[in-house]
Amino acid sequence: MHKILVLTDLHITPPGELIIGLDPAERLSRVLDAMRAAHADADHLLILGDLVHYGTAEEYARLRGLLRDLPWPTTFMMGNHDDRDTFCATFPRAGLDANGFVQSRITLPHAHILCLDTLAPDAKPRHSGFLCADRMDWLRTELARAPGTPKIVALHHPPFVTGFDGMDRIGLVNRAEVIETLQACADVRLVIAGHIHRTIMASAGGLPMAVFKSPCHQMPLQLGAGTSGLSIDESGAYGLLLVGPDGDICVHTEDVAAHKAAILDDIASK
Ligand SMILES: [Fe+2]
Ligand SMILES: [Fe+2]
């Protein structure tokens, strides 16, 4: 099985700036330590956007320092808090498509992961996501590549309604077009996303979907109006995909608490 680590919504801030009293850099470091300890053998790390909070060069430089010496090849994606040009200036080796969008394919021996760029600063309302015609063309080309090869599609904005009304208002504007495009490809096995800061499983258009928590602040399960700005100090987290040779995928999530509980073996103690 191939192990793909997943992070999303890092929201790195300038030094000294906290989000709901939490330091996103300190939270990320703690989660990375847990990932290194448990999954140094993973094949890849995928980061699903909202890499930083304000899109500044100072924040991206801070992120680059935090990610120094990782044991995994890393693929970055854009979220609504990112700035594409500033990101690219700091991470010049990041994967881009022919039009300069942060879109790339991770080629595993038995599957492809297609990483999309839903950042759209001009989309209304602000912070919603959009895949323009060029990005949709890239997606269609990649979906048609290597027929029969299982495809995992990754994007920041989930392409379905979550029930968090405020977040759904800043969701993926052309999600119906995206779902229709994915449905037309028999190889799509899973869609993964971030943006909500909460673990969510879904089926949309008949496709299985998973949304991952942030290493920092999370979304409380408070549905209804005004829910785009709510945050709660729960454990940071990361995700892990196990991709089998038959294209089957198992999705794990792991909370990283401040104090790790001891793992007890109930069988061995008897
Ligand atoms: Fe976020
Ligand atoms: Fe987001």
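Estimated from the Cβ-Cβ distance and a Förster radius of 51 angstrom, the FRET efficiency linking Ala37 and Ala133 is about 0.70. Of Cys88, Cys115, Cys132, the residue with the greatest mean-square motion in the GNM of the chain, using alpha carbon springs below 10 Å, is Cys132. With θ taken as phi - 60° and the Karplus curve 6.51 cos²θ - 1.76 cosθ + 1.60 applied, the whole-hertz 3J(HN,Hα) list for the stretch 106-114 is 9, 9, 8, x, 10, 6, 10, 10, 9 Hz, x standing for glycine and proline. Shape class for the stretch 206-270: oblate, because the ratio a/c of the largest to smallest gyration tensor axis (alpha-carbon atoms, square roots of eigenvalues) is 1.5 or more and b/c is at least a/b.
Could you tell me the convex hull volume per residue, in Å³, taken over the Cα atoms of the chain?
Numbers: hull volume 38.3 nm³, N = 270.
Considering the Cα atoms of the chain, their hull volume per residue is 142 Å³.
With a sphere of radius 11 Å drawn around the Cβ of Arg145, what net charge do the other residues whose Cβ falls strictly inside it have (Lys, Arg +1; Asp, Glu -1)?
Working: positive: Arg105, Arg140, Lys151; negative: Glu142, Asp187.
Here the count lands on +1.
Amide hydrogen proximity for Ala146: with H placed 1.01 Å from N in the peptide plane, no residue at 5 or more positions away or on another chain lies under 5 Å. Distance between the pseudo-spin-label points of Gln222 and Glu177 (7 Å out from Cα toward the beta carbon): 3.5 nm.
Here the Karplus curve 6.51 cos²θ - 1.76 cosθ + 1.60, taken at θ = phi - 60°, turns the phi angles of the stretch 13-28 into couplings of 9, x, x, x, 8, 9, 10, 6, x, 9, 9, x, 5, 5, 4, 4 Hz, with x standing for Gly and Pro.
Given the Cα-Cα distance of Thr149 and Arg189 and 0.36 nm per residue of separation, how much length would full extension add, in nm? Intermediate results must be reported in sequence, preceding the final value.
Values: separation 40, 0.36 × 40 = 14.40 nm, distance 0.99 nm.
Full-extension gain reported as 13.4 nm.
Of the trypsin sites (Lys or Arg not before Pro) in the stretch 150-255, not one is in a loop by DSSP (not H, G, I, E or B) with at most 16 other beta carbons within 10 Å.
What number comes out for the charge environment of Arg64, summing +1 per Lys or Arg and -1 per Asp or Glu over other residues with Cβ under 15 Å away? Don't jump to the answer; show the numbers that get you there.
Working: positive: Arg62, Arg68, Arg93; negative: Glu58, Glu59, Asp69, Asp82, Asp83.
Within the 15 Å Cβ shell, the charges total -2.
Distance between the 7 Å Cα→Cβ label points at Thr74 and Thr199: 2.4 nm. The simple spin-label model puts a point 7 Å past each Cα toward its Cβ; for Ala258 and Lys3 those points are separated by 2.8 nm. All other residues whose Cβ lies under 12 angstrom from that of Ser128 are scored, Lys and Arg at +1 and Asp and Glu at -1, for a net of +2.
Readers should treat all values here as calculations from the given coordinates under stated rules, not as data from a laboratory. Quantities reported herein were computed from a predicted structural model and do not represent experimental measurements. Counting neighbours? That spans all protein chains shown, and the Cβs are built from the backbone with ideal geometry, glycine included.
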